[in-house]
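The values are calculated or read from the model by the stated rules, or taken from the named source; none is laboratory data. Since this is a predicted model, take the numbers as computed values, not measurements. A quick note on method: Cβ atoms are made from the backbone with ideal geometry, for glycine too, and the neighbour counts reach across all protein chains shown. Ligands, DNA and RNA are excluded from the accessible area calculation, which covers all protein heavy atoms including side chains. Shrake-Rupley method; radii C 1.70, N 1.55, O 1.52, S 1.80 Å.
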Amino acid sequence: MGKAMGRIRVWWLLLETAYGSRAGLCLGALVVPVSIASAFWVAHSSAQNRLAWFLVYNFCLVSSTLLFASKIVAAGAIARQVLGRSITTRHERLYRNLLLGNRALWILYYAVAAYGVAYGFRYSPSVTSRIFYALGVLVIFDELKKQGLDFLKTASPSRRENLSLAGALPILSKCAECLGLFFTPKFREQVYNPIVEEDKADLILALQKYQSRAGRVGVFLCFLSRFCFRILQLVAVSGLPKIISWVWPFVVKAKRD
Amino acid sequence: MPLPAITFLQWLVLEIIGGSTRSGKYVRDRLAERGHRKSLPAFYQMMSRLEDAGFVRAESVRATVCDQTVTERHYRLMGKGIRELADVRDFQAGLEIARSQGRQVSHG
């Protein structure tokens, strides 16, 4: 009876961890549609509105990713704890405090928002320059430009400046960026990024070739499937032997038992 | 005559890169022309190994495709790679000589 109750308590805790508090659940439910909607707005809105939507999009995307990642990590920790020995009230209180009650989590949100602002500035140099002009800061930049130090031009050209390519490119690029975080920095630099960039170049050429709406949708779907296959290939190249070597002892043990 | 330390495919890559700087796409296309088709991850994994072994050096170069910026990975041979390439050439020359001598012996 006690064991069963312990299991129920663990499942309840896992559920609570996954969904957070009621407010967390509402926030999680809101974040996904808002981020999708703002991604589309980023691609299709005018230059003035683009930055604002871009910031919202980035904030939602990154904060939700971090939030769910932290929850997954905590759920994994609880599961490990349960597998090892029974969960104690002390551990329960620790995880509750960490995920539900800790106000320090909001610092993370502010950091993410700051990151979103910086990221938005990086990809929207035209909007950035307008804001700086409005604030009167650009006088300093003009002076620097005279001295050969053009700060705003050092930012990479905006991917959203060319509206004819908007839509598929930012979405796939974002997916690629996020998925790249699963790999080590070295693997990302030497293997993952060159692959993504080559595919991106192909995508740009394909989008340039097929200008109609139906053609674009077709290209987007083709590249989406290609991207999925790339991920599988990457896993096969990098992680499969490791996964097999990790899983195999468990399989052998289960077979023996 | 010592055996070369690199595989045939690795030698082919070093041979394609040669004395200049080549992009990954260029090297992959030349490999495909010679009948060695490899998927992008497998190719870049191989290049990564060559890079780690000190045969080649890679750098990321910005290129423009239809007004959009993409980053290409460019490779060039390092001293170790050049030496290895020379060793393989010596090995092949030695092999050719041995073959021709063998032929002469069998004809004689």
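For the stretch B:15-24, does any single residue satisfy the condition of being within 20 Å of A:E197 (Cβ to Cβ) and open to solvent by 40 Å² or more (accessible area, probe 1.4 Å)? So far as the stretch B:15-24 goes, yes, one or more of its residues are within 20 Å of A:E197 (Cβ to Cβ) and open to solvent by 40 Å² or more (accessible area, probe 1.4 Å). For the stretch A:187-198, residues that are more than 7 Å from chain B (Cβ to nearest Cβ) and open to solvent by less than 20 Å² (accessible area, probe 1.4 Å) total 1. Of everything in the stretch B:16-33 that is polar (S, T, N, Q) and under 10 Å from B:L77 (Cβ atoms), the residue that is farthest from the other protein chains (Cβ to nearest Cβ) is B:S20. State yes or no: is B:T7 among the polar types (S, T, N, Q) and within 14 Å of chain A (Cβ to nearest Cβ)? No, not satisfied. Can you pull out the residues in the stretch A:158-177 that are among the hydrophobic types (A, V, I, L, M, F, W, C) and modelled with pLDDT of 75 or more? Once the filter is applied, which keeps residues that are among the hydrophobic types (A, V, I, L, M, F, W, C) and modelled with pLDDT of 75 or more, the stretch A:158-177 yields only A:A176. The helices (runs of 4 or more DSSP H) found wholly in the stretch A:179-257 and carrying at least 1 residues that are at pLDDT below 80 and under 24 Å from the mean Cα position of the chain (by Cα) occupy A:213-234, A:240-256. Working only within the stretch B:27-74, note down all residues that are among the aromatic types (F, W, Y), out of contact with any Phe, Trp or Tyr (no Cβ under 9 Å at 6 or more places or on another chain) and not in a loop (DSSP other than H, G, I, E, B). Listed by number, the list holds a single entry, B:F43.
Return yes when B:A93 is modelled with pLDDT under 90, aliphatic (A, V, I, L, M), part of a strand (DSSP E or B) and open to solvent by less than 70 Å² (accessible area, probe 1.4 Å) and no when it is not. Criteria not met by B:A93. When the residues of the stretch B:40-84 are filtered to those that are facing another protein chain (nearest Cβ under 7 Å) and over 14 Å from B:V27 (Cβ atoms), the one that is surrounded by the fewest Cβ atoms within 10 Å (Cβ to Cβ) is B:D67.
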